[in-house]
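Notes follow the structure.
The values are calculated or read from the model by the stated rules, or taken from the named source; none is laboratory data. Note that the structure is a prediction, hence the values are computed from the model and not measured. Quick reminder, even Gly has a Cβ in these numbers, built from the backbone with ideal geometry, and neighbours come from all protein chains shown. Surface areas here come from the heavy atoms of the whole protein model, side chains and all, with no ligands, DNA or RNA. Shrake-Rupley method; radii C 1.70, N 1.55, O 1.52, S 1.80 Å.
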Amino acid sequence: MSYQSAKQEYAKYGINTEEVLETLSKIPVSVHCWQGDDVIGFDGTDSLDGGIQTTGNYPGKARNQQELFDDIRRAFKIMPGTKRLNVHACYAVLGADKGVVDRDKYTYKHFEPWVNLAKEMGLEGVDFNPTFFAHPMMKDGLSLSSPDEEVRKFWVNHGKACLEISAEIGKAMGSPCMMNIWIPDGYKDIPADRLSPRLRLKKSLDEMLENYDKKWVIPAVESKVFGIGIESYTVGNNEFYQNYAAKAGICCLLDTGHYHPTEVVSDKISSMLAFHDKVALHVSRPVRWDSDHVVILDDELKEIAKEIVRNNATDKVLIGLDYFDASINRLCAWVTGVRAMQKALLCAMLIPHEELKQLQNQANFTKVMYLNEKFKLMPVGDVWNEYLTRQGLSDDWYDEIELFEKEVIANRK
Ligand code: RNT
Ligand code: ZN
């Protein structure tokens, strides 16, 4: 009922909500596996490092593969739309290889259970990340930029192994695998040499990317401004990777928490699209720093979604989520972020972009403002509810989380 009247309302502005519902359900969102266990993984570590941190002590985090898989199955059930699964190398399912095979020797078989899980859940694809943190071979906090050749080589080999795994994953899923490279390398205090570590990182990336399966792997590099305990200098900063990606012909990944606090990723997307065929995102929510709060429907998220939608870039911007909140129910965190991302895309699709673009060219900024304000309170919610209904879902999913607390969390002591 209310959807029908919303449909008519939007039609007055030339917006076809039927098309919107169809398109929205097909935009893939890559959901990170690491929200479920505070980025710990299965390959040995019990604490996080690399300048990233989860805060909070909410009970019930997944303690092993089975629990994480169970949680993912449960959470994904109430996430609408097309999803991918984003897996980190530290989530290798090692079995008898645990303690025997190290990260430089991981192979596809250690990740096959993830691919099987993704298939079982009917996901579009699986994305992958080498893990350059929380490992004894991180020497003095450095990986690919280490002056210690043994350390540097180890991590180059980890990257190479991950490229091979990514190719297998891509093939197995029939969908290219985005492999994102992020390293925490940097210094707490003012460095004595800024160039050498960057040259070593460049060399390491060159070695790593010498040979990979271009059909099934989309390599990406993720920059950062600083990390906790690594405040003064980050080897892989924005300028480094922008240049590297452009030269090497690979993808840049923009994490919304990795810039100075007044810089916004929404303003960067169009600049990237002017030069690249693809740009990848880690959608997070920084609060004062790269705090990785749960993604919610805030103004910046809406602005990011507008950039994707109004530039017809839904197949050029690879949307991935990256947050980890340990202070609230982790399933609720997961589902909230995925839904917020899709709500933002929906909001962006329910705006008369062509008219607004024309008004901008006519310098009619008065009407641009008027329309933007008007559309904020148009009946987006009715279209959202219809979107969920058509997928057998609803916006009343809190009970599901409560049930999970009772059935699962209560038993994880
Ligand atoms: C860290 C980066 C990186 C990680 C994940 C776990 O600041 O954002 O993407 O969050 O690789
Ligand atoms: Zn990130």
**Residues within the stretch 196-232 that are surrounded by fewer than 18 Cβ atoms within 10 Å (Cβ to Cβ) and more than 16 Å from ligand 2 (Cβ to nearest atom), tallied** = 13
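Where in the stretch 1-82 are there helices (runs of 4 or more DSSP H), lying fully within it, with 3 or more residues that are at pLDDT 95 or above and more than 26 Å from W397 (Cβ to Cβ)?
2-11
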**Message:** For the stretch 41-86, which positions are over 21 Å from T336 (Cβ atoms) and β-branched (V, I, T)?
**Reply:** T45
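Is it true that R288 is open to solvent by 60 Å² or more (accessible area, probe 1.4 Å) and either modelled with pLDDT under 95 or within 16 Å of ligand 1 (Cβ to nearest atom) (or both)?
yes
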**Asked** Which of the residues that make up the stretch 250-285 are over 19 Å from A220 (Cβ atoms), basic (K, R) and more than 14 Å from ligand 1 (Cβ to nearest atom)?
**Response** none
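For every residue, the table says whether it meets (1) in contact with a Cys (Cβ under 8 Å, 6 or more places away or on another chain); (2) in contact (Cβ under 8 Å) with a residue 12 or more places away in the chain.
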{"site": "R200", "(1), (2)": "no, yes"}
{"site": "K214", "(1), (2)": "no, no"}
{"site": "V221", "(1), (2)": "yes, yes"}
{"site": "K224", "(1), (2)": "no, yes"}
{"site": "V235", "(1), (2)": "no, yes"}
{"site": "Y241", "(1), (2)": "yes, yes"}
{"site": "A248", "(1), (2)": "no, yes"}
{"site": "D255", "(1), (2)": "no, yes"}
{"site": "V265", "(1), (2)": "no, yes"}
**Message:** Against the definition (within 16 Å of ligand 2 (Cβ to nearest atom), within 22 Å of Y398 (Cα to Cα) and touching a residue at least 24 places away in the same chain (Cβ under 8 Å)), how does D325 come out, yes or no?
**Reply:** yes
**Request:** Just give me the residues in the stretch 338-372 being small (G, A, S) and touching a residue at least 40 places away in the same chain (Cβ under 8 Å), in sequence order.
**Result:** A340, A344, A348
